[in-house]
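Inspection log for the structure reproduced underneath, given as C-alpha cells.
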Amino acid sequence: MKLVSAALLVLLSMLVASSYAHHSSAPHFDESKTIEVEGTVTKFMFVNPHAYIYFNVADEVGKSVPWRCELSARAALERLGWSESLFPAGVKIKVKGAPARREEHVCYTTNITFADGQVIGRAQQFSSSSSSASSVVTSKASTRPARQADGHPNLAGNWVSQDGPPGGMGGGGEPGAGGMSGPPGGGGMGGESALLLTPAGEAASSKYDSRYDDPALQCNAANIFFGWTHDQNVNKITQTKDEIVLTYGYMDLVRVIHMNMTEHPKKITPSTAGHSIGKWEGDVLVVDTIGFKPSVLIPISGKVHSDKLHTTERFNVDNVAGTLTRDYVAEDSLYLQSPYKGRDVVALSEKPYQPFKCVELSGKNNIRPK
C-alpha cells in the first residue's frame, strides 16, 4: 500500500479535540502509559462514533492474540480522506497508543505505522487531495430563498458547526458547543461552572458514571443540546407550515416541532427529544419543550436532569451570513437551582446530511462490573 509522504500528513489539531469530545478518553484509557503492538489486520470497522482496527498480535510464545484499537469517528475521518479500504485484511501494522483501563488487548490509537515505515496519526489527513473539515461549510447563502412560501424565515437545509468540534479548543467538549460561539461548557453563559444543583440533583448526579452511563455507549443522544454541533456532523431541517423537523447528524436524533399546537398534550411519552411546540415571534422561532425522560445534561461530568426538564429555544437565521443561531434555557425544578443557558451556531453545509448509523464497539471496557 502506498501512502503519501509523511511531510504531507498535516496534523489537524481541532479534530484531535473532537475525538475527546464524544467521551473524554481519560476515563477509558490510561494516557499515562504508552504501548506499541505489531500485528496483522483482520478487519477495519469504519463506523461512528468510533472506528476500530482489529488485528492479531503474536504473544511471547507465538500464539495469536486478537486486539482492537479505537480511532476517531467515521464522519471525522472521511473528511480527512480515510476510507473503508484503508486497512484491508492481511496488512501489517504497528499501533502506538494508550491501553484500555478495564479490558486487555484494547487501546486508544495515537498513530499507526505501516510496513513501509510510513506513519499516520489518528487525526491526520490521509491524502493531499482530501478536504479539511472546514470545507463542509458553504458561503453560498445568497442563492437560498430567505423565506418560505408562508412568509416565515427559511430554516430548511443542511446545517453544520462551522469552526470546530464540540467545545471548540477549550470548551470542555460539553453541550452546545459550536466553535463560533462560547459553549455553555465553558461557563460563559450559565454553563457547567455556573450550574447549581439541588440536593436531589446532586444525589442523582452522584450515581452517574461516565465510564458506563454515557448515553453514547448505548448509541443514544444525551439531550437536545449536545448533538446539534457535535463533531461537525451535518444536521437537516425540513420545514412546513405545520411542522419543523430537526434531524440531528449525531445519533440520528429526530425532533418534531409542532407549529399548529398552542398547548402540549396532557399525556406525553417521555423521550430524549421531548414534545416541542413552536411559534414565531417576528422572525425568531421560539420552541417550548417538555416531556423529557431523565438523562444527562453534561455527559462527561455527569450533571443529570430529571423528567421535570423544561426548555426554551430561540432560533434566528441570518441569511446573509448563512448561519442559524440557537439560544436556549433549560430549567428543572427538581434538579437545578438555576437555569442552564447556552448558545450554539451552525452554518449552511455544502455536504448533505448522512445518517449517523451508530455502531458502538467499546465492549467490556465500558460495561459496569456486576
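For segment 348-360, name all the residues that are in a loop (DSSP other than H, G, I, E, B) and open to solvent by 30 Å² or more (accessible area, probe 1.4 Å).
Answer for segment 348-360, where residues must be in a loop (DSSP other than H, G, I, E, B) and open to solvent by 30 Å² or more (accessible area, probe 1.4 Å): E350, K351, P352, Y353, Q354, P355, K357, V359, E360.
Can you tell me which condition L217 does not meet? The list is (1) in a loop (DSSP other than H, G, I, E, B); (2) surrounded by 15 or more Cβ atoms within 10 Å (Cβ to Cβ), and all the others hold.
(1)
Please verify whether V345 is at pLDDT 95 or above and open to solvent by 40 Å² or more (accessible area, probe 1.4 Å), treating the condition exactly as stated.
Against the criterion (at pLDDT 95 or above and open to solvent by 40 Å² or more (accessible area, probe 1.4 Å)), V345 does not qualify.
Can you name the condition, by its number, that I268 falls short on among (1) surrounded by 15 or more Cβ atoms within 10 Å (Cβ to Cβ); (2) in contact with a His (Cβ under 7 Å, 6 or more places away or on another chain); (3) not in a strand (DSSP E or B)?
(1)
Check whether at least one residue in segment 194-207 is in contact with a Ser or Thr (Cβ under 9 Å, 6 or more places away or on another chain), open to solvent by less than 50 Å² (accessible area, probe 1.4 Å) and modelled with pLDDT under 90, and report yes or no.
yes
Applying the selection to segment 316-346, what residues are touching a strand residue (DSSP E or B) at 6+ places or on another chain (Cβ under 6 Å) and over 23 Å from S276 (Cα atoms)?
Once the filter is applied, which keeps residues that are touching a strand residue (DSSP E or B) at 6+ places or on another chain (Cβ under 6 Å) and over 23 Å from S276 (Cα atoms), segment 316-346 yields only G322.
Filter segment 313-342 down to residues that are open to solvent by 20 Å² or more (accessible area, probe 1.4 Å) and among the hydroxyl-bearing types (S, T, Y) and give me whichever is farthest from P99 (Cα to Cα).
For segment 313-342, the residue satisfying everything is S333.
If we keep just the residues of segment 279-301 that are over 22 Å from the mean Cα position of the chain (by Cα) and either β-branched (V, I, T) or not in a strand (DSSP E or B) (or both), which is surrounded by the fewest Cβ atoms within 10 Å (Cβ to Cβ)?
It comes out as G282.
Does T311 satisfy the criteria of being closer than 20 Å to H258 by Cα and polar (S, T, N, Q)?
yes
Tally up the residues in segment 243-265 that are open to solvent by 10 Å² or more (accessible area, probe 1.4 Å), in a loop (DSSP other than H, G, I, E, B) and either of a type in the set (S, T, N, Q) or touching a residue at least 24 places away in the same chain (Cβ under 8 Å) (or both), please.
Of the residues in that region, 6 qualify.
Given S333, S276, which one is part of a strand (DSSP E or B), over 30 Å from H105 (Cβ atoms) and at pLDDT 95 or above?
S276
The values are calculated or read from the model by the stated rules, or taken from the named source; none is laboratory data. What you see is a predicted model; the values in this text were computed from it and never measured. With ideal geometry, Cβ positions are generated from the backbone for all residues, glycine too; neighbour counts draw on all protein chains shown. For accessibility, only protein heavy atoms count, side chains too; no ligands or nucleic acids. Shrake-Rupley method; radii C 1.70, N 1.55, O 1.52, S 1.80 Å.
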